[in-house]
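Below: one structure, written as structure tokens.
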Amino acid sequence: MNEVESWLRRWAGRLDQGGEAELDARANVGMFRTRRLLGTLCPRDVEQVREIVASAVPGVSLYPLSTGHNWGLGSREPVHDGAVVLDLRRLNRVRLLDLEAGAAVVEPGVTQGRLAQLLCGSPYMLNVTASSAHTSIIGNAVERGVGLRRQRCEDVAGLEVVLADGELVRLGSWPDADGRVVPYRHEVGPALMPLFAQSNLGVVTAAVIRLLPRPRALRLVRLTFGAARLAAAVDELRDCRAQRLVSGVLKIYQRPDGEECVAYCCVDGDPGLAAVACGLLLRRAADSGLFDDVRVLEDPVPGLTGGLGDGLERGPERGLRGLERGPESGLSADDEQLAEQLRRCLGGDPSCNELVLERWFGTRSDGIDANPGGAGYLFFLPLLPFRGEAVARARVLVREVGEETGTRWHPTVNAISCDVIDLAVSCRFPASAATSAHRALDLLHRRFAEHGWRPYRLDIDHMSAGGPPEVLRRLKDAFDPAGVLARGRYER
Ligand SMILES: Cc1cc2nc3c(=O)[nH]c(=O)nc-3n(C[C@H](O)[C@H](O)[C@H](O)COP(=O)(O)OP(=O)(O)OC[C@H]3O[C@@H](n4cnc5c(N)ncnc54)[C@H](O)[C@@H]3O)c2cc1C
């Protein structure tokens, strides 16, 4: 037995039950090549994380995960072979919930569903994503994931990090001894927190998360238009957002099989303000002559009515609260479900996301990586300028790559600011098409790069950092000279 194996065996013996996950035959929904793992350690608390990291012998490469649901980008797989996964799901304390300051201190195992549930009925809500309620707030934030309200890294006001020598540091706005915190997002002096997003410089063991004031009114405006008008509609909606008629992340779904596009705009805030903004948005939509159908889906008191309750575990009977249903609504069942999901997520409630996953994958979150029904799923996530012409061009690129490879990719516009779009391009494929889907993914990287459109977030087969290699190397040498942490993650 070599030094690394005996180190691992020592740790497996020291961790109590549940501390070492089994080395079973793993799969991942992206159907990326399964990496060779040396083992998986699930520490119980921050002290154990520190000891594991500090005691790592030469040759140990630890790959931290929070809940490991990084679907479409690699799930639980490390970038390289030979890693020991440091699974932090058992660090699952909500250490603080301050409903005056609007902040929570959470550990990596705290899921978005759990924190959203704790906030139910309060004046604050969490910026939730469209992924499962069982995904980690920290895991998504350190990937710079995108919530329905804003990019998740904007929610972070403080980080607790274990450095490669086991030292624990707290950065940003951290609660004082009396638990008081001012959740300011920046540090005084050089910003250190961003060094730990999309990096391999430390293990994040807790974060201060900024909550959002819950709007007293929330309307979702749904606008449909033909793909031939995509460029003009995007430019029109961009101006509506720039003029603050729309809040949160504006979404445009482009149907894979047809020519119809659907935009969802959130209008919210004080009820009077929301009513006026909604009226203005509808008038602009009508005056533009671009949209075929415009309708308002209203939630009178978003998230305050206890919508979450025990919903995390409930089944489809949670249904479609408050939406017109069936034939009267004129919406298909899929459209109704999507609209309801978005409306709830915008109100900080991710509980129906699980139903959507179930509908797509035929299983809930814990089964997705077992490739149910032989289905795979991939993401390509380029940034585009928020311009109609760019979105229309991107649609053509996605179609061309799909046609060349015999795969089907769906581009969804997520406007994360007035000037930037995160284009979430996803592909669901049968196992028999896995090779073609991965070839398409390579091509998408290449074709979009030719237009200067690079992804903001990467899968494990396309990891590389954008910064100057020399600076990145110096940072790695300073923070982790022995290369203990997450080899290959956003590295050059
Ligand atoms: C249908 C569907 C919808 C989705 N919708 C969204 C969406 O709206 N927005 C979105 O952003 N994503 C979305 N996703 C993608 C994905 O499911 C989420 O991003 C999910 O939150 C990531 O998994 P996780 O939270 O378990 O993070 P993890 O998988 O635990 O972490 C992600 C990565 O971050 C690093 N990391 C994790 N924890 C730590 C730590 N403590 N210290 C250091 N490094 C760490 C690791 O390298 C890890 O691989 C969606 C996926 C699907 C299938």
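The values are calculated or read from the model by the stated rules, or taken from the named source; none is laboratory data. Computed from a predicted model, the values in this text were never measured in an experiment. Here the Cβ positions follow ideal geometry from the backbone for every residue, glycine too, while neighbour counts run over all protein chains shown. Heads up: the accessible areas ignore ligands, DNA and RNA and are worked out on the full protein's heavy atoms, side chains in. Shrake-Rupley method; radii C 1.70, N 1.55, O 1.52, S 1.80 Å.
Okay, here's what the table says:
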quantity	calculated
Enumeration of residues in segment 74-93 that are open to solvent by less than 20 Å² (accessible area, probe 1.4 Å), out of contact with any His (no Cβ under 9 Å at 6 or more places or on another chain) and not acidic (Asp, Glu)	GLY74, PRO78, VAL79, GLY82, ALA83, VAL84, VAL85, LEU86, LEU88, LEU91
Single match in SER426, SER436 (criterion: of a type in the set (S, T, N, Q) and under 24 Å from the mean Cα position of the chain (by Cα))	SER426
Positions within segment 356-401 being in contact with an Asp or Glu (Cβ under 9 Å, 6 or more places away or on another chain), within 15 Å of the ligand (Cβ to nearest atom) and over 17 Å from ARG428 (Cα atoms), in sequence order	PRO382, LEU383
Residues of segment 65-113 that turn out to be closer than 22 Å to ILE460 by Cβ, assigned to a strand (DSSP E or B) and either more than 7 Å from the ligand (Cβ to nearest atom) or not hydrophobic (A, V, I, L, M, F, W, C) (or both), as a count	5
Selection from segment 139-170 of residues that are aliphatic (A, V, I, L, M) and under 10 Å from the mean Cα position of the chain (by Cα)	ALA141, VAL142, VAL146, LEU148
Some residue of segment 270-284 being buried (at least 16 other Cβ atoms within 10 Å of the Cβ) and part of a loop (DSSP other than H, G, I, E, B)	no
Qualifying residue in segment 482-490 (condition: surrounded by fewer than 21 Cβ atoms within 10 Å (Cβ to Cβ), away from the ligand (no atom under 16 Å from the Cβ), closer than 30 Å to ASP165 by Cα and at pLDDT 95 or above)	yes
Meets criteria (open to solvent by 60 Å² or more (accessible area, probe 1.4 Å), in contact with a helix residue (DSSP H, G or I) (Cβ under 6 Å, 6 or more places away or on another chain) and either at pLDDT below 95 or of a type outside the set (Ser, Thr, Tyr) (or both)) for ARG387	no
Which numbered condition LEU320 misses (of (1) at pLDDT 85 or above; (2) over 22 Å from the mean Cα position of the chain (by Cα); (3) hydrophobic (A, V, I, L, M, F, W, C); (4) not assigned by TED's automatic domain parsing to the domain that holds SER432)	(1)
Residue list for segment 231-269, restricted to those being part of a loop (DSSP other than H, G, I, E, B), touching a residue at least 12 places away in the same chain (Cβ under 8 Å), open to solvent by 40 Å² or more (accessible area, probe 1.4 Å) and not charged (D, E, K, R)	PRO256
For GLN117: the one exception among (1) out of contact with any Pro (no Cβ under 9 Å at 6 or more places or on another chain); (2) on the phi > 0 side of the Ramachandran plot; (3) more than 16 Å from the ligand (Cβ to nearest atom)	(2)
